[in-house]
Amino acid sequence: MPEKIKNSESEDFKTEEIIVNMGPQHPSTHGVLRLILTLDGEVVKDCEVVIGYLHRGVEKLCEQRDYRQNIVYTDRLDYVASMSNNLAYVLAVEKLLGVEIPERAEYIRVICAELQRIASHLLWLGTHAMDIGAVTVFLYCFREREDILDLFEMLSGARLTYNYIHIGGVAADLPDGFVEKAKKFLDTFPAHIDEYEQLLSKNRMWLDRTVDIGVISGEDAIDLGLSGPSLRGSGVKWDVRKAEPYSIYDRFDFKVPIGSKGDTYDRYIVRLEEMRQSVKIVKDALSQIPDGEIMAKVPRIIKPPEGEVYRSIEAPKGELGFYIVSDGSDKPYRVKIRPPSFVNLESFKKMVQGHLVADVIAIIGTLDIVLGEVDR
Amino acid sequence: MIYSFLRDIVVALIKIVVVMGVCALAVAYTAYLERKVCAWIQSRLGPMRVGYHGILQPIADGLKLFIKEDIIPSKADKILFYLCPVICLVPAFTVLAVIPWSPSFYITDINIGLLFIFAVSSLGVFGLVMAGWASNSKYPLIGGLRSAAQMVSYEVSIGLSVIGVLIFAESLSMVEIIEKQAESGIWFILVQPLGFFLYIVCALAETNRLPFDLPEAETELVAGYQTEYSAMKFAFFYLAEYLNMIVVSAIGATLFLGGWGSPLAFLHIEIPGSGMMKAFLEGLIPAVWFCLKVLFILFLFIWIRWTFPRYRYDQLMQIGWKILLPLSLINIGFAGIEYFFYEKLAWYIFYPIVWGGTALIIIISFKFIKSFENFCVSKRRSDYETAT
């Protein structure tokens, strides 16, 4: 039928597009994320991100409980970085209350937050490498993450949802042996980062899979509201710890690593370097930590004055902010969370278009999303 | 007359049963080896529960797969769906017929042995493509198509990579290739190092192993062509895959590593004793050497799998057509020149020339092939260091 061929849309040889559902049970979507991919062969023409499979209404639940009880909900947002979530929420409430935190508690918080950053990045590196096929790195990362979880278990008794950082300070003082154990970990850990780098950073296959994949320019990244390592990978030097210092971060000397191009490789390198910087911060904090109280004088029932507050921190995945409106009662009137994963996911469509199916996985990995935080 | 004919048939049948049985068991224990080596690389234990150090784990796995529920997608093409695992398995077993295990133990030796192996083993891909189609699901379909494309691109290179060996062996018969190596006292890896490298890379792609396991790619395509398969049908795919691995290792050992020949042959150790015992040992010891060489290549495959990330589909094709194919063509020309000098030069002049020539080919190829230009040095890494 020569006529039909002539009348077709294009004179060129054309293939039929297919729509593939990736997720919500796909092994590499890092949780219950659903991607509706329009594929031409293996090239991604379009991608629709469908979320909401894990929605628990945390923000609404927070209005039903008092300020102290809400800390446990924050544990369950980004469940691989619970300490950071605790810290962000607690800082917001403290800003609303206007309480002064004891020195020792501030140091313990920084130690926890930075160890949590390392643990979170380790989980990211492991899963990201596994997505690209390097399974061994995954198990190596979990080996080191285990040490950090052991430390947190010493602190709080829990391994995933710590509920450790409380309004006014922290739940308990550092137990005996914590400092020694932490120092031992910090001494050995940089060698392990070198080990990951040996397997990946100069590996031709890793370079082929990550360089120029999912490129996003600095301007686009800012427009889309990216934050954290994903933003810094694009060369934007913006870190909440430096930009709007909270807790006692201004006392530590650390660098903010940035990338140049904004591709998957840059984000990978930035996160690796961040782990090194975190090791440095924790080491400094451990050597400077003073004795003293770990809890400020906070009333048993917290009733902040009427008003509203927004406080954000540099969580492992980006800027994590809590916006709280108080009506003067013992329960928040309104809580709004600005989760980094949810906002970062916005850029996914832009990153993925024109790439191949295999790159979709690499790009999900590089964004470091946690669906608990996306859906809340 | 009839008596000797019957005897031949019985002997052949016994050989077939022994080879098939041993290989089926070997497949199970290759999977065990894979898990143990992987665990060792990843600093963990691997299977430890069933038997001493999990030694009975493969058998337990087999039993488990037998009694699992067999699920077929409701809109699958049922006949093809059932047929595919068998289509994969049959070529894998057929190829075993010409693998020479020891001088006195091989099912058959045909004068086109290697050609037969390549011809038959590439039929296995029909099973994968049809499995992808018959599942009536999109992930398996993509996996099946990938595997077809992969097979086409690497079958050419793998065929060309062994031509160098054939020039030296002057035969396609597997037994003769080994005998030639035993006679001259050199393994062909010494004269064909590049050929061996190309063969190993292509073999990885042929057997769908990481870094080329794209038809499966469990992180992208869930499990590719075998996504919808369960229970025994899945086990058949598994069996075929590992059997193929053993087969390509055996071919590699035959072509490049001297087959059943002992690496200690230069010592001229005579097997002591006489009669049946001596004959038995003379059959057994070469088989042990052969198996050790196969194990070595298998270990190489496993080691590579747990070290490297996975290539992307288009990169895989690029490597196949733009790098491996030209290199294997160059290698054929090189082998011709080599053969010309082989008889004429003394070994202490010949080998430096061969290895130097190989190094030169690799260096020049890296310069010419654009995608290889910064193979060893990461340019991006240094960019980053200056940026911060």
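We did not get these values from a lab; they are worked out from the coordinates using the rules stated. Since the model is a prediction, treat every value here as computed from it, not as a measurement. All Cβ positions, glycine included, derive from the backbone under ideal geometry; neighbour counts span all protein chains shown.
Each residue of the range A:94-146 gets 74 Å³ once the volume of the Cα convex hull is shared out per residue.
Using only the Cα atoms of the protein assembly as shown, construct the convex hull and provide its projected area averaged over every direction, in square nanometres to one decimal.
Projected area, direction-averaged: 43.4 nm².
Ranked for footprinting exposure by Cβ neighbours inside 10 Å, fewest first, A:D173, A:D250 give A:D250, A:D173.
Taking 0.36 nm per residue of sequence separation and removing the Cα-Cα distance, the B:L83/B:L284 pair yields an extension gain of 68.6 nm.
If only the Cβ of Lys and Arg carry +1 and only the Cβ of Asp and Glu carry -1, the dipole of chain B around its Cα centre is close to 860 debye. For the range B:140-196, GluC sites (Glu not before Pro) meeting the loop criterion (DSSP other than H, G, I, E, B) and having at most 13 other Cβ atoms within 10 Å: B:E170. This ranking places A:C141, A:C112, B:C291 by how few other beta-carbon atoms lie within 10 Å of each, fewest first, which gives B:C291, A:C141, A:C112. Based on the Kirkwood approach, the hydrodynamic radius assigned to the range B:189-338 is 17.9 Å, with every pair of different Cα atoms included. Against the main long axis of the alpha-carbon atoms of chain A, helix A:178-200 sits at an angle near 10°. For the range A:33-116, the extents of the C-alpha atoms along the principal axes are 60, 31, 18 Å, listed from largest to smallest. Sequence-distant contacts, meaning Cα pairs under 8 Å at least 6 residues apart, place the relative contact order of chain B at 20 percent. Looking at the range A:260-355, the trypsin sites (Lys or Arg not before Pro) that sit in a DSSP loop and have at most 14 other Cβ atoms within 10 Å of their own Cβ are A:K297, A:R300.
Sorting the Cα pairs of the range A:177-255 by distance into bins of 5 Å, from 0 upward, gives 3, 12, 12, 13, 18, 19, 14, 7, 3, 0 percent per bin. For chain B, list the DSSP H helices whose alpha carbon atoms reach 18 Å or more along the long axis and whose average Kyte-Doolittle value is -1.0 or above? Helices meeting the criterion: B:2-41, B:78-95, B:138-161, B:193-206, B:231-256, B:275-305, B:325-342, B:347-368.
Multiplying the residue separation of B:S262 and B:K75 by 0.36 nm and subtracting their alpha-carbon distance yields 61.9 nm. Of the trypsin sites (Lys or Arg not before Pro) in the range B:195-292, not one is in a loop by DSSP (not H, G, I, E or B) with at most 16 other beta carbons within 10 Å. The angle between the Cα long axis of helix A:82-97 and the longest principal axis of the Cα atoms of chain A comes to about 60 degrees, rounded to the nearest 10.
Considering only Cα atoms, the convex hull volume of the range B:31-119 works out to 200 Å³ per residue.
From other protein chains only, count the Cβ atoms within 10 Å of every residue's Cβ in A:208-215, then give the mean.
That average works out to 3.
Building the convex hull from the alpha-carbon atoms of the range A:39-82 and averaging its projection over directions returns 4.8 nm².
In the range B:147-262, the convex hull through the Cα atoms has an average projected area of 8.1 nm², a quarter of its surface area. Taking the Cα atoms only, what angle lies between the long axis of helix A:135-156 and the longest principal axis of chain A, rounded to 10 degrees? Roughly 20 degrees between the two axes. Each of B:F341, B:F350, B:F256 has some number of other Cβ atoms within 10 Å of its Cβ, and from fewest to most they run B:F341, B:F350, B:F256.
Consider all pairwise Cα distances in chain B and report the whole-number % of them above 29 Å. All intermediate terms of the calculation are to be shown ahead of the outcome.
Values: 37038 of 75078 pairs.
I get 49 percent for the Cα pairs in chain B exceeding 29 Å.
When exposed loop sites are taken as chymotrypsin sites (Phe, Trp or Tyr not before Pro) in a DSSP loop with at most 15 other Cβ atoms within 10 Å, the longest stretch of chain A clear of them is A:80-376. Each Cα pair under 8 Å and six or more residues apart adds its sequence gap; the mean of these over the residue count of the range A:262-350 is a relative contact order of 18 percent. For the range B:191-237, the spread of Cα coordinates along the three principal axes comes to 46, 23, 9 Å, biggest extent given first.
Normalising by the residue count of the range B:39-125, find the relative contact order in percent from Cα pairs under 8 Å and 6+ residues apart. List each step's numbers first, then the result.
Working: 49 pairs, mean separation 17.2, N = 87.
In percent, rounded to a whole number, it is 20.
Think of the protein assembly as shown as a dipole: +1 on every Lys or Arg Cβ, -1 on every Asp or Glu Cβ, centred on the Cα centre; then among B:G46, A:L226, B:L239, B:G46 lies furthest on the positive end. Which residue, chosen from B:S137, B:Y106, B:V95, occupies the Cα position most advanced towards the positive end of the dipole of the protein assembly as shown, where the dipole is computed from +1 (Lys, Arg) and -1 (Asp, Glu) charges on Cβ about the Cα centre? In the protein assembly as shown, that residue is B:Y106.
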